[in-house]
Amino acid sequence: MSKILAFGEAREGELRNVSFETIAAARQIDEDAEVIAVVLADGNTETLANTMIQYGADRAVTVEHADLKEYTSDAFTQAAMAVIDEEDPEGIVMGHTSAGKDLSPRLASKLDSGLVSDITGIEGSGEDAEFVRPIYSGKAFEKKQIKEGKTFVTIRPNNIVPLDQDDSRSGDVNQLDVDIKDLRTIIKDVIRKASDGVDLSEANIIVAGGRGVKSEEGFEPLFELADELGAAVGASRGACDAGYCDYSLQIGQTGKVVTPDLYIAIGISGAIQHLAGMSNSKVIVAINKDPEANIFNVADYGIVGDLFEVVPKLTEEIKALKV
């Protein structure tokens, strides 16, 4: 039986949703394979591993070390390679997240392996598996097959549907001792500028603002709407460049690529660079006072009007529905 490693990601002691998506992707790649969850963290790894087993993994391997509290290339490469050497898998699945984008090519280089990154779908299985990924800023898609060597892929968050959680599932959890050493980078402290709300890259609903919000204060109605919807707040590069918000919120070709169930674009004109980061959202709602704005060309629903009038009314309507 072949083995596929499904790497999880933990943040502040909790698994990110993409962890469960890697398991589902591994199942799609080869339904007969043994799917092994991998958890690299500074603590609580057994609990996290058991959760991944409940989401479909057969068993789990963990590495617990103080140097895995925050992501660094050196520490996570050493930990991941130790697991890969121990298990010698036929396949590896990771999230195409900020950490995954950095870690996966490093591992592929050490393994002398190919890498198919940022996949949004899997067609077929086993030797016939084809990996779908966007190219040309999402204007087209290509399909790739891996003919030899390890199957190594990264998946874009919110594109592979996780399996249902089954609390009755159980499996072995093996903690691997790894001597992490010779680190060139040590993180002393992390100062987060982003809000404490929903993580942007994995949010099911995103409320995004552009230059049309006009100021930092102009984002306040967007945060209020996002709070009511349980959504994350994002922004166009224009809004970030103007100093209305932090660059950690930027969505687009040079920012984060997102694929939420609902994307509400407020005061965003629809530059091609921004569309590259959100056009694959399942439902797009645009609010803009310019009826000729390009964003309406990709929107499923459009509201032409002053955002400072429309957004508060929309927020009040959502509040009323909750009563």
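Readers should treat all values here as calculations from the given coordinates under stated rules, not as data from a laboratory. Please read all numbers here as calculations on a predicted model, not as lab measurements. So basically every Cβ, Gly included, is an ideal-geometry build from the backbone, and we count neighbours across all protein chains shown.
Worth pointing out:
- Computed from the alpha carbon atoms alone, the convex hull of the stretch 221-323 holds 95 Å³ per residue.
- Computed label-point distance, nm, for sites E309 and K143 using a 7 Å Cα→Cβ extension: 5.0
- Within the stretch 3-175, percent of DSSP bridges classed antiparallel, to nearest 5: 30
- The chain: Rg to Rh, with Rh as the Kirkwood radius over Cα pairs: 1.00
- Rounded, prolate or oblate (a/c below 1.5 giving rounded, otherwise prolate when a/b exceeds b/c) for the stretch 153-225 by Cα gyration tensor: oblate
- Highest-first arrangement of 244-254, 159-169, where packing means the average Cβ count within 10 Å: 244-254, 159-169
- Normalised contact order of the stretch 3-175, rounded percent, pairs of Cα under 8 Å and 6 or more residues apart: 29
- Protection proxy ranking, peptides 119-132, 263-276, average beta carbon neighbours within 10 Å, highest first: 263-276, 119-132
- Here the gap between D199 and T47, fully extended at 0.36 nm per residue and compared with their Cα-Cα distance, gives a gain of 52.6 nm.
- Antiparallel beta bridges, as assigned by DSSP with both residues in the chain, represent about 20 percent of the total such bridges.
- Ordering of 50-57, 2-9 by burial proxy (mean other Cβ atoms within 10 Å per residue, highest first): 2-9, 50-57
- Hits among lysines - C-alpha to C-alpha of K110 under 26 Å, sequence gap 8 or more where chains match: K3, K69, K101, K143, K144, K147, K150, K181
- Computed on the chain, with alpha-carbon pairs under 8 angstrom and 6+ residues apart, the relative contact order is 14 percent.
- A simple spin-label model places the labels of N297 and S248 3.4 nm from each other, with each point 7 Å out along Cα-to-Cβ.
- Taking each residue as 0.36 nm, the span from E123 to D32 lengthens on full extension beyond its C-alpha to C-alpha distance by 31.2 nm.
- From the alpha carbon centroid of the stretch 137-195 to that of the stretch 54-95 is 9 Å.
- Compared with the direct C-alpha span, the chain from R106 to K181 gains 25.3 nm at full extension, assuming 0.36 nm per residue.
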